[in-house]
Amino acid sequence: PISFDDGYRDNLTVAAPILARYGVKATFFIITSVLSGGLPLYSRIKVLLSRFAPDITPDAQREIGRRLIPLFEWAAGYTQSGNKRFSDFCRDERLNEDEIAQRYYVSVAGIRELVRLGMEVGSHTDTHPMLTNIPLFQAGREIDLSTSALYGATLMGTKFLRPRSFCWPYGMWECAEQNELFFLVRNRGYTSGWGYHRLPVAVREDPQWAIARIDEAAFEEALGISPLS
């Protein structure tokens, strides 16, 4: 299966039309906070780095982001007060969070266009936190918010298309409470959960709730194919 994570705008403007032209179905996993103008956590980190460290390399940006994610989730991530602090910062620094979300991510209209093209739309949570690092009630809230947003976004006439596929943020699901996480997803009506790993897959996958995926770079590397330029 082909899938795309996060709901970037070029998924709609570039990838989906090509897939539809050749009759190929794909699943697009959407971060739903962007539908109401709120950036996901890792994008918020990028916004901060672009303002305070504009010359940093992409590789260094990814490494800093990886290290900052747990701290950022605690300080300004999935809580109401944290979200307000970040919004206040954006306003003070003249950064329009809503404008960034609209420019780089799909809208509700974009989701409906994906559905019209015959694509599946799935959940990637509301703000893309690492679910293995936060309390279960917060994980449940992330899934609930995303499910509700997608349920409304996929209204086609009088028909709703309830999301059925779920994608773990950062591909992370392994933890002491993973069975509880699987239950949260299953209890919301999802029928599958999707992870992410580079080759070779080093962890045991669950055939329904943590299905292994690899990206095109990992596939090319495994086959010894030089990346396309």
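The values are calculated or read from the model by the stated rules, or taken from the named source; none is laboratory data. Treat the numbers as computed from the prediction; the structure is a model and nothing was measured. Note that we place each Cβ from the backbone using ideal geometry, even for glycine, and neighbour counts take in every protein chain shown. Keep in mind that these areas ignore ligands, DNA and RNA; they rest on the heavy atoms of the full protein, side chains included. Shrake-Rupley method; radii C 1.70, N 1.55, O 1.52, S 1.80 Å.
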| How many residues, within segment 168-189, are more than 16 Å from the chain's Cα centre (by Cα) and either more than 10 Å from residue 132 (Cα to Cα) or of a type in the set (Asp, Glu) (or both)? | 11
| query | Do we have any residue at all in segment 26-35 that's out of contact with any Gly (no Cβ under 9 Å at 6 or more places or on another chain) and free of Cβ contacts under 8 Å to residues at least 60 places away in the same chain? | reply | no
| query | In this structure, does residue 51 turn out to be more than 26 Å from residue 165 (Cβ to Cβ) and in contact (Cβ under 8 Å) with a residue 40 or more places away in the chain? | reply | yes
| remark: Checked pairs for segment 89-118, first farther than 17 Å from residue 38 by Cβ, second assigned to a helix (DSSP H, G or I) and open to solvent by less than 50 Å² (accessible area, probe 1.4 Å), C-beta under 6 Å and 6 or more apart or across chains, list as 114/16; 117/16; 117/20
